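No lab work stands behind these numbers, since they all come straight from the coordinates. Here the structure is a predicted model, which means the values were calculated and not measured. Here Cβ is always computed from backbone atoms with ideal geometry, including for glycine, and neighbour counts include all displayed protein chains.
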Amino acid sequence: MDKHNKLYIAYGSNLNREQMADRCPTARVLGTSMMDGWRLLFRGAREGAVAAVEPCQGGSVPVLVWEITPVDEAALDRYEGWPYFYRKETVKVKLDGKPVTAMVYIMNEGRPLGQPSCYYYAVILEGYKDAGFDVDILRQATIDSAETEETAHD
């Protein structure tokens, strides 16, 4: 790996290889992994929420590990609304059985739970299927986001 490049973890729409090819043409997938101790939810606009992860004991989120260039990272920063909507954190995952450190976008606090648009959900679903991930994890995230959202309004 080039010394200027870094590892990046995708868990939402950036799992979609076609979308990433348009946004970050020099990025390349290195493999799949799991973010253990995290859960996937949807936050943001009530009916246009986007993927978010948050710590959750016993949780696990499937991810793609990408190698990105500084130009790719700048494109991702714009897309993710960094640093206002998402911040960058570094987490450890396993890649080919070996621990690696990678950058991940974590949504900033204060965004309400909500449901993704049909289009956005389909983009992520395609990424899940292409990577061979368990789509039940994605479905559960929409259920968890809806249930938690309802209890917040009671």
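Scan the stretch 65-77 and give yes if some residue there is part of a strand (DSSP E or B), in contact (Cβ under 8 Å) with a residue 60 or more places away in the chain and surrounded by 14 or more Cβ atoms within 10 Å (Cβ to Cβ), otherwise no.
If we filter the stretch 65-77 for residues that are part of a strand (DSSP E or B), which is where we start, we get 65-68.
When the remaining residues are screened for being in contact (Cβ under 8 Å) with a residue 60 or more places away in the chain, the result is 67-68.
Then drop every residue that is not surrounded by 14 or more Cβ atoms within 10 Å (Cβ to Cβ), which leaves 67-68.
Yes, the stretch 65-77 contains a residue that is part of a strand (DSSP E or B), in contact (Cβ under 8 Å) with a residue 60 or more places away in the chain and surrounded by 14 or more Cβ atoms within 10 Å (Cβ to Cβ).
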Got a sec? Which of Gly81, Gly31, Gly48 is under 19 Å from Pro112 (Cα atoms), in contact (Cβ under 8 Å) with a residue 60 or more places away in the chain and among the small types (Gly, Ala, Ser)?
-> Gly48
Could you run through the stretch 84-116 and say how many residues are closer than 18 Å to Phe42 by Cβ, touching a residue at least 24 places away in the same chain (Cβ under 8 Å) and among the charged types (D, E, K, R)?
-> 1
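Could you look through the stretch 95-128, keep only residues that are among the charged types (D, E, K, R) and not in a strand (DSSP E or B), and pick out the one that is surrounded by the fewest Cβ atoms within 10 Å (Cβ to Cβ)? Show your work before the answer.
Looking only at the stretch 95-128, we keep the residues that are among the charged types (D, E, K, R), and these are 96, 98, 109, 111, 126.
Narrowing the set further to residues that are not in a strand (DSSP E or B) leaves 96, 109, 111, 126.
Details: Asp96: 10, Glu109: 8, Arg111: 17, Glu126: 16.
Residue satisfying both the conditions and the ranking: Glu109.
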What are the residues in the stretch 1-48 that are within 13 Å of the chain's Cα centre (by Cα), in a strand (DSSP E or B) and farther than 15 Å from Phe133 by Cβ, if any?
-> Tyr8, Leu41, Phe42, Arg43
Subset of the stretch 78-94 (residues that are surrounded by 17 or more Cβ atoms within 10 Å (Cβ to Cβ) and in a strand (DSSP E or B)) | Tyr86, Val91, Val93
